1. Calculate, in nm to one decimal, what His118 and Glu99 gain on full extension: separation in residues at 0.36 nm each, minus their alpha carbon distance.
2. Rolling a 1.4 Å sphere over the protein heavy atoms, what is the accessible area per residue of the chain, to the nearest Å²?
3. Check Gly20: other-chain or 5+ apart residues with amide H under 5 Å from its amide H, H built from backbone geometry?
4. From the square roots a ≥ b ≥ c of the eigenvalues of the alpha-carbon gyration tensor of segment 1-74, which class results: rounded (a/c under 1.5), prolate (a/b over b/c), or oblate?
5. By how many nm would the segment from Arg13 to Arg143 lengthen if fully extended, with 0.36 nm per residue of separation less the alpha-carbon distance?
6. Please report, as a whole percent, how much of the solvent-accessible surface of the chain comes from carbon and sulfur atoms (probe radius 1.4 Å).
7. Give the Kirkwood hydrodynamic radius (Å, one decimal) of the chain, defined as one over the mean of 1/r across all pairs of different Cα atoms.
8. Would you be so kind as to identify all helices of the chain, as entire DSSP H runs, whose Cα atoms reach 15 Å or more along the helix's own axis and whose mean Kyte-Doolittle hydropathy is at least -1.0?
Amino acid sequence: MSLAFAEAESAGRRGEVPIGCVIVDQSGTIMARAGNRTLELKDPTAHAELLAIREAAAKLGSERLVGLDIYVTLEPCAMCAAAISFARLRRLYFAAGDEKMGGVEHGPRFFNQETCHHSPEVYGGLSEAKGRQLLKAFFRDRRG
């Protein structure tokens, strides 16, 4: 999770919402890492999770990331939850929950839908206080 926070902090320094993500294999080898790049790429889908999933898929030469785990500093939105499901990631670990835009434990609860074909194991609340503080500081500084 510490590497995901490093990606989030880097995103924040670039002016992006500070969310970071790391994908690892079962031995802990990093397969991909990313921070949000929606502003930089002018792409509303350039969330940290999607960028990391794309990188890992390209590295493996497969759209399926079976056996890999994803670490994110904020509960994934519905779009990212769908991508996690489609990629068949094994486990999702996230820091802070997102009551407003979350799609896993809040909002649509994507993995609980009958139409969801794959649900990863989900572990939320890891370093939750750090995740919340990072976001609060970013938006506090933006509002000045």
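The values are calculated or read from the model by the stated rules, or taken from the named source; none is laboratory data. Bear in mind that the values here come from a model prediction, so they are computed numbers and not experimental data. We place every Cβ from the backbone using ideal geometry, glycine too, and count neighbours over all the protein chains shown. For the accessible areas, the whole protein counts, side chains as well, though only heavy atoms, and no ligand, DNA or RNA atoms are used. Shrake-Rupley method; radii C 1.70, N 1.55, O 1.52, S 1.80 Å.
1. Taking His118 through Glu99 to full extension adds about 4.6 nm, to one decimal.
2. 51
3. Under 5 Å from the amide H of Gly20: Ala8, Thr73, Leu74.
4. Cα axes put segment 1-74 in the oblate bin.
5. Here the segment from Arg13 to Arg143 would lengthen by 45.2 nm.
6. Roughly 52 percent, rounded to a whole number.
7. 14.8
8. Sorted by number, the helices that extend far enough and score high enough are 2-13, 48-60.
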